[in-house]
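First up is the structure itself, then whatever we jot down about it.
None of the figures in this text is laboratory data; all of them are computed from the coordinates on show. Note that the structure is a prediction, hence the values are computed from the model and not measured. Here Cβ is always computed from backbone atoms with ideal geometry, including for glycine, and neighbour counts include all displayed protein chains.
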Amino acid sequence: MKLKSTKNLIGIIKRLKSKGRKIVFTNGCFDILHCGHVEYLVKAKKLGDVLIVGLNSDLSISKIKGPKRPINNQKDRAIVLAALEAVDYVVMFSEDTPYELIKAIKPDVLAKGGDWKPKDIVGSDIVKKTVSVPFVRGYSTTGLLCKIGCKGR
């Protein structure tokens, strides 16, 4: 199973690092998974050997995006992410940022979407390398919601 608790993930990462595997971490809401998300995750996976996705809990998304979000609950979002070939592990976090999670798992590479400057990415002070992965033009969850007539925020 790809869905892990932070505690279980720490042990897995220690074993993987002892074998010389490079750990990549990214995070997000991944509320309505679309082509842009998938391409982003594939690119992030190419930055190392193992890709861990930190998934915002429902509570943290509501704080960030407003009371009408998320559209899909955290369990459903985690299952969909875990089904992707590029994703090795999914771990949930409830805080506003994944800083404490990043501090606990100590990945080698931190990846975030192209609207972030590497120095501004939460956790960049913890990891060896921070990468801003370019977006796929024309894809956003808010854009999809607006397209179907709903409000994204």
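Residues whose amide H lies under 5 Å from that of Val90, counting only those 5 or more places away or on a different chain, are Leu3, Lys4, Val53; hydrogens are built 1.01 Å from N in the peptide plane.
Along the axis of the charge dipole computed for the chain (Cβ charges of +1 for Lys and Arg, -1 for Asp and Glu, origin at the Cα centre), the listed residues Leu16, Pro70, Ser94 are led at the positive end by Leu16. Taking the chain as a Gaussian network of alpha-carbon nodes connected by springs under 10 Å, the highest mean-square fluctuation of the residues Gly66, Gly48, Gly20 belongs to Gly20. Charges were assigned to the Cβ only: +1 to each Lys and Arg, -1 to each Asp and Glu. The resulting dipole of the chain about its Cα centre is roughly 260 debye.
Considering only Ser57, Ala104, Leu41, and ranking their Cα positions along the charge dipole of the range 3-147 that arises from unit charges at the beta-carbon of Lys, Arg, Asp and Glu, the one farthest toward the positive end is Ala104.
When you restrict to C-alpha pairs under 8 Å that are six or more residues apart and normalise by the size of the chain, the relative contact order lands at 29 percent. Calculated mean residue ellipticity, 222 nm, the chain: -10000 deg cm²/dmol, from DSSP H runs (n ≥ 4) at -39500 (n - 2.57) each, averaged per residue and rounded to 500. Extending 7 Å from Cα along the Cβ direction at Leu3 and again at Arg15 yields two label points whose distance is 2.1 nm. Residues considered: Ser62, Ser18, Ser94. Largest GNM mean-square fluctuation over the chain, using C-alpha springs under 10 Å, is found at Ser18. Direction-averaged projected area, Cα convex hull, the range 1-62: 4.9 nm², rounded to one decimal.
Remark on the chain: Rg and Dmax equal 14.8, 50 Å (Cα only).
Computed from backbone phi, the HN-Hα couplings of the range 37-54 come to 4, 4, 5, 4, 5, 5, 5, 4, 4, 5, 7, x, 9, 10, 10, 10, 10, x Hz, rounded to whole numbers (Karplus: 6.51 cos²θ - 1.76 cosθ + 1.60, θ = phi - 60°; Gly and Pro given as x).
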